[in-house]
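To start, the structure under review is shown below, and the notes come after it.
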Amino acid sequence: MLNEMQLQLLNKAREVQKYRKLDYDNYAGYVGCAMLGANGKIYTGIDIGVTCGIGFCAEHTCISQMIMDGETRVLAMCAVGNNTFFPPCGRCRELLSQVNRANKDCEIILGYDNVKTLEQLLPYPFWTFTSTSERLTD
Ligand SMILES: [Zn+2]
């Protein structure tokens with residue numbers, strides 16, 4: 001069972017998740033996301049999908065808003081779309097990890113009885129290799 005804060009994140013993600021048809025085949029709001037910052041504020045965002053794959057995920061919107069507000073630490077997040085929980089994609093997992101390495105402890109709500117940490121979903125973020133990469137030999 002989700003706790004009160006986790007349910008609040010789920011509800012916020014559901015509030016902003018609303019499919020919107022844009023021009024041509026483009027769309028927005030297929031996924032809605034809510035993130036709890038260490039400052040206690042909840043940030044929300046939606047995805048944008050446009051031709052040529054140049055859109056972005058709902059998590060990007062949340063993180064951008066957090067950074068504009070001076071926050072990078074995410075305590076918990078939830079994304080939903082098409083009446084399902086949405087796990088963050090690999091790129092978003094990496095983004096969460098790189099804006100603040102402490103986000104490895106971020107709770108990611110994947111279901112009513114399924115909450116994982118970012119570290120569980122991304123055990124080897126890119127920065128762990130860049131700082132310890134083995135040198136090439138001749
Ligand atoms: Zn993503």
Mind checking which lysines have their Cα closer than 26 Å to the Cα of residue 104? Skip sequence neighbours fewer than 8 apart in that chain.
-> 12, 41, 116
For the pair residue 114 and residue 68, how long in nm is the line joining their label points, each one 7 Å along Cα→Cβ?
-> 3.3
In the chain, taking the dipole from +1 charges on Lys and Arg beta carbons and -1 charges on Asp and Glu beta carbons about the Cα centre, the listed residue (87, 17, 129) farthest towards the positive end is 17
Any idea what Rg and Dmax come out to for segment 26-80 if you just take the C-alpha atoms, in Å?
-> 11.6, 37
Here segment 22-28 yields Karplus 3J(HN,Hα) values (6.51, -1.76, 1.60; θ = phi - 60°; whole Hz; Gly and Pro given as x) of 9, 5, 6, 8, 8, 8, 8
What list of ³J(HN,Hα) values in whole Hz, one per residue of segment 85-96 in order, does the Karplus curve 6.51 cos²θ - 1.76 cosθ + 1.60 (θ = phi - 60°) give from phi, with Gly and Pro shown as x?
-> 6, 10, x, x, 5, x, 5, 5, 4, 5, 4, 4
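Pull out the extension gain between residue 7 and residue 105, defined as 0.36 nm times the separation in residues minus the alpha carbon to alpha carbon distance; nm, one decimal.
Full extension from residue 7 to residue 105 adds 33.4 nm.
Could the peptides 22-32, 127-137, 57-67 be put in order, highest first, of the mean number of other beta-carbon atoms found within 10 Å of their residues?
My ranking of the peptides, most packed first, is 57-67, 22-32, 127-137.
Computed over the Cα atoms, what is the radius of gyration of the chain divided by 2.2 N^0.38 Å, N being its residue count?
1.11
Since every read-out is calculated from the coordinates, none of them should be taken as a lab result. Everything quoted here is computed from the prediction, not taken from an experiment. Here the Cβ is made from the backbone with ideal geometry for all residues, glycine too, and neighbour counts use every protein chain on show.
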